[in-house]
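Take a look at the structure below.
Each reported figure results from applying straightforward, stated rules to the coordinates on display, with no laboratory input. Bear in mind that the values here come from a model prediction, so they are computed numbers and not experimental data. Please note: Cβ atoms are built from the backbone with ideal geometry, for glycine as well, and neighbour counts cover all protein chains shown.
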């Protein structure tokens, strides 16, 4: 087991420094103000917008700011001299920093820790080495964690931890764990009803504990509740709008299907009912929401078991589904989602023609329409898959 | 002995992976590289029938294949034509290009890409920019009022895979030399340490 983890660490060490996405830079641009004594990042950005190199608002929750502000302050001695020059450079030289490889390595170390902890936790939950190996060596999670370099891995770990605790009848720990996850990023609130109805016998007991699932969020946003800058920043992030935007007859489809999944979950007697519900949510979410690639991470640890324990036709289904997701991602008109990932190796990669530009320049096809069609195909696959897994519990 | 062989295999795989990223991928895909540029001027100089500019460019690579100039079309109002010419040292036009003010941003780099010139490092080119605008103050170019020099960027393209490999190698060596040596050594040591730990 030790050797497996070491090999996983080795692969990650070989990937971490050389892949980049600007999200990690924009987030750390904001986190730098923590070590300068700024505790209200929303007001600070609002007041200093005109003088800052990067103009966007901080679209995350306060706990995220404090957690990563502190992490950045701790890693400061290892980041090297021109790290702060780099995060404040948004001009034409922004990618011309040869030490970017080390910035990437150091900034992703917290992600490495939580990534390995997820592997360990998956092994504890399923007692199945195949699940562990799949987590540690599948290219999807390595891409999501180390290429996109987003911090979603931390709330993902906490959500998985909440599942582990609820499986072991530790309600308080479970709700507290998902509570911290929600205070870092709002999305785990989607998983909360599944925790609540996991054990129907203990539902009344759960009501008592459920308060802990929202306490960390309320406590951390309390000082900002009366501030317009907080609402402007936080609600500008787009997840809520994206979840609601796919409509039929004026009604948002995703919340309605989510309720259906929840009802099926409530009455389910399957050993894997939690994982099935998450898988169904994932399959529908991908088709109905204009998702950011890193959002796949939210669901990934919970759906691995289906890939491992399934027949070949199911494996083919998942392979096609993820291949379509990959095609959807590379068709964004954003070179930072394709060649731009390789900027730490050579900044000139950003100038290469992206798949979107290639289709646009060389053919008469509109790449956005191709992407839209792929998304519709994902929706079709999602509905079929969700129905299939709901039926074959 | 078996462990040493395994260590060697691991090291070879790692070298191959890093070689793939740093040498093979870059050589195959990056043929165009930025060359000499001048981007420090912040003053707007008028661009019209009475004001044209000629900037001398001493190329620092072979095969010039694009030039960019920083222009400003305030409020995107001008529809006048902007002319860009690349001339050799004898003022013979080698490449020319024109665009309506519609394509000029407020402000933005206007890129003029062309089939690569069969030029050598050290060749001198003249970048001439003019406009048919009759009115003053409609289009501007960023430059220096005293010297009449303007902001520009260039790119050069490799002629063949050998040249691309050479350019890439020079770029990687320059990057390596400008990296923090302590961090480089620490990273390589870390990789080697994990290799050893796997084999123990």
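Structure remark: mean-square fluctuation, Gaussian network model of chain A, C-alpha springs under 10 Å; the largest value among A:369, A:41, A:284 belongs to A:369.
Build a GNM of chain A with springs between Cα atoms under 10 Å apart, and of A:14, A:337, A:148 the one that fluctuates most is A:14.
Report relative contact order for region A:58-181 in percent, whole number only (criteria: Cα-Cα under 8 Å, sequence separation at least 6).
RCO, region A:58-181: 18 percent.
Fully extending the segment from residue B:132 to residue B:161, taken as 0.36 nm per residue of separation minus the present Cα-Cα distance, adds 6.2 nm. The shape of the protein assembly as shown comes out prolate: with a ≥ b ≥ c from the C-alpha gyration tensor, a/c is at least 1.5 and a/b beats b/c. Compute the FRET efficiency between residue B:113 and residue A:327 as 1/(1 + (r/R0)^6), taking r as their Cβ-Cβ distance and R0 = 25 Å, and round to the nearest 0.05. So, using R0 = 25 Å, E works out to roughly 0.30. The angle between the Cα long axis of helix B:181-199 and the main principal axis of chain B comes to about 40°, on a 0 to 90 degree scale. The alpha carbon centroids of region B:99-126 and region A:169-239 are separated by 55 Å. Placing a label point 7 Å from the Cα of residue A:93 along the Cα-to-Cβ line, the residues of region B:148-175 whose backbone N sits under 18 Å from it are B:151-154, B:174-175. Across peptide A:10-20, the average count of Cβ atoms from other chains found within 10 Å of a residue's Cβ is 3. Between residue A:56 and residue A:312, how high is the FRET efficiency from 1/(1 + (r/R0)^6) when r is the Cβ-Cβ distance and R₀ = 51 Å? Nearest 0.05. Approximately 0.65, to the nearest 0.05. Only helices enter the 222 nm calculation for chain A: every DSSP H run of n ≥ 4 contributes -39,500 (n - 2.57), and dividing by all residues gives -20000 deg cm²/dmol, rounded to 500.
Suppose R0 equals 25 Å; then what is the FRET efficiency for residue B:145 and residue B:52 from their Cβ-Cβ distance, rounded to the nearest 0.05?
Numbers: r = 15 Å, r/R0 = 0.59.
The formula returns an efficiency of 0.95 here.
The label point for residue B:199 and the one for residue A:215, both projected 7 Å from the Cα toward the Cβ, are 5.2 nm apart.
The mean number of Cβ atoms from other chains found within 10 Å of a Cβ in peptide A:97-103 is 5, as a whole number. Between residue A:226 and residue A:120, the simple label model (points 7 Å from Cα in the Cβ direction) yields a spacing of 4.4 nm. Which residues does the label zone of residue B:37 cover in region B:153-173, counting backbone N under 15 Å from a point 7 Å along Cα→Cβ? Taking a point 7 Å out along Cα→Cβ of residue B:37, the residues of region B:153-173 whose backbone N falls under 15 Å are B:153-157. With neighbour counts taken as other beta-carbon atoms within 10 Å, the residues B:80, A:43 rank, fewest first, as A:43, B:80. Max-minus-min Cα coordinates of region A:1-144 on each principal axis give 54, 32, 26 Å, with the largest extent listed first.
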